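The values are calculated or read from the model by the stated rules, or taken from the named source; none is laboratory data. Keep in mind it's a predicted model, so treat the numbers as computed, not measured. Positions of Cβ are backbone-derived with ideal geometry, glycine not excepted, and every protein chain shown enters the neighbour counts.
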Amino acid sequence: MQTLKTALCLALGGTLLAGCALLPPGLFQKKPGEEVTVRIYDEASAALPAENRQTVEIPRTGLKLSINLFPTLTEQNVQSAELYDTAGGKGIFLRFDPHGTILLDEMTTRARGQYFVVLINNHPVSAWLVDQRIINGQFLIEGDFTDEDAKKVVDGLNELSKKNNRP
């Protein structure tokens, strides 16, 4: 329980410190059959060739980060999602499947002192400065999205998890 509280506090603090973004209007309006996407990217090394990285800007903060072209964690790794009350409104609390838990542990071990960038439906919503290893497979996304938008993301992720036959 203490590990969960620590991980949540660190994720919340990192997101608040690094900043977050307002999602564009209509971001969560999806066509039938479209799924919500949540992608978590590592900050790319400057030694990586330019064609193997992309630059994103975190709205409101203006923070520009180079990230790898391919995410380390995706919505496919999410076992469940729920709304989480934060001081700034609703957050999205993710629980990863066993494979996602291992990936999150590996990411937070390897990337200490670097940023993770979270994209929802291909729009950057937050950047989190990694300052501690997360071994419990749980991650909190906090952004300036509305409570309604957060609920749509949570519902979409849980729908996808059920479709993938996850408990």
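Among the residues of segment 60-75, those that are out of contact with any helix residue (DSSP H, G or I) (no Cβ under 9 Å at 6 or more places or on another chain), within 17 Å of LEU129 (Cβ to Cβ) and assigned to a loop (DSSP other than H, G, I, E, B) comprise ARG60, GLY62. Restricting attention to segment 70-90, the residues being over 10 Å from ILE40 (Cα atoms) and in contact (Cβ under 8 Å) with a residue 24 or more places away in the chain number 13. Whenever a residue of segment 129-147 is in contact (Cβ under 8 Å) with a residue 60 or more places away in the chain and surrounded by 15 or more Cβ atoms within 10 Å (Cβ to Cβ), its partners that are acidic (Asp, Glu) and not in a loop (DSSP other than H, G, I, E, B), lying with C-beta atoms within less than 7 angstrom and at least six residues away or across chains, give the pairs ILE134/ASP105. The one condition from (1) at pLDDT below 95; (2) over 11 Å from the mean Cα position of the chain (by Cα) that SER80 does not meet is (1). If you go through segment 15-35 one residue at a time, do you hit one that is in a helix (DSSP H, G or I) and either within 20 Å of ASP147 (Cβ to Cβ) or at pLDDT 95 or above (or both)? Checked segment 15-35: at least one residue is in a helix (DSSP H, G or I) and either within 20 Å of ASP147 (Cβ to Cβ) or at pLDDT 95 or above (or both).
Just to be sure before I move on: is ALA111 at pLDDT below 95, of a type in the set (Gly, Ala, Ser) and more than 30 Å from PRO49 (Cα to Cα) in the structure I sent? Against the criterion (at pLDDT below 95, of a type in the set (Gly, Ala, Ser) and more than 30 Å from PRO49 (Cα to Cα)), ALA111 does not qualify.
Every test in (1) more than 17 Å from VAL125 (Cβ to Cβ); (2) among the hydrophobic types (A, V, I, L, M, F, W, C); (3) surrounded by fewer than 19 Cβ atoms within 10 Å (Cβ to Cβ) is passed by PHE96 save one, and that test is (3). Restricting attention to segment 122-167, the residues that are assigned to a loop (DSSP other than H, G, I, E, B) and among the small types (Gly, Ala, Ser) total 2. Just for segment 94-113: of the residues that are part of a strand (DSSP E or B) and free of Cβ contacts under 8 Å to residues at least 60 places away in the same chain, which one is farthest from PHE139 (Cα to Cα)? That would be PHE96.
Report yes if SER161 is in contact (Cβ under 8 Å) with a residue 12 or more places away in the chain, farther than 27 Å from PRO59 by Cα and small (Gly, Ala, Ser), otherwise no. Criteria met by SER161.
Can you find a residue that is closer than 16 Å to SER80 by Cα, modelled with pLDDT of 95 or more, of a type in the set (Phe, Trp, Tyr) and touching a Leu at 6+ places or on another chain (Cβ under 7 Å) anywhere in segment 124-142? Yes: segment 124-142 contains one or more residues that are closer than 16 Å to SER80 by Cα, modelled with pLDDT of 95 or more, of a type in the set (Phe, Trp, Tyr) and touching a Leu at 6+ places or on another chain (Cβ under 7 Å). Scanning segment 43-59 for residues that are in a helix (DSSP H, G or I) and surrounded by 12 or more Cβ atoms within 10 Å (Cβ to Cβ) yields a single hit, ASN52.
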